[in-house]
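Reading through the structure tokens given below for one structure.
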Amino acid sequence: MKRLLLPALMGLLATPALAAVTQVNEAGDFDAQVIQPSQQGYVLAAFMAPSCKPCEAEAEVLDKVAAERKDVTVVNVDALSLIAQTEQYKVNAMPTFVLFHGGKPGLRTAGYMDQKAFDAWLDQSLPK
């Protein structure tokens, strides 16, 4: 067993770190992690809920998007904890994705997307 475990652990250590998806669970963090950074670039706010099965599947896609794309910052917003923001940005389905820029919400979409569809949507939504 030790022989199998050690190579597996070494493989994990050799894997490059993925860019993290920032988690936002408190109202003050929303401004600091979404609104303020969107003044300098694009922030994708993913409104999701812990009990949402499509959201769980989307989390894996968002991890890859955050790791591979340098043109957008990905933030996972806990829609159940941030009800005021969920209502303010008219989130009626989960997952819902809102692209922020200049401190304001812009394009949005809702529902599960695989990585290819997600990248295509971002390519269409972001300036070249």
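The values are calculated or read from the model by the stated rules, or taken from the named source; none is laboratory data. Since this is a predicted model, take the numbers as computed values, not measurements. FYI the Cβ positions are ideal-geometry reconstructions off the backbone, even for glycines, and counts take in every protein chain you see.
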Go through region 3-51 and give me each residue that's in a helix (DSSP H, G or I) and at pLDDT 90 or above. ASP29, PHE30, ASP31, ALA32, GLN33, VAL34, ILE35, PRO37, SER38, GLN39
Number of the exception - PHE97 against (1) in contact with an Asp or Glu (Cβ under 8 Å, 6 or more places away or on another chain); (2) under 10 Å from MET48 (Cα atoms): (1)
For region 44-81, how many residues are surrounded by fewer than 22 Cβ atoms within 10 Å (Cβ to Cβ), over 17 Å from PHE118 (Cα atoms) and not hydroxyl-bearing (Ser, Thr, Tyr)? 6
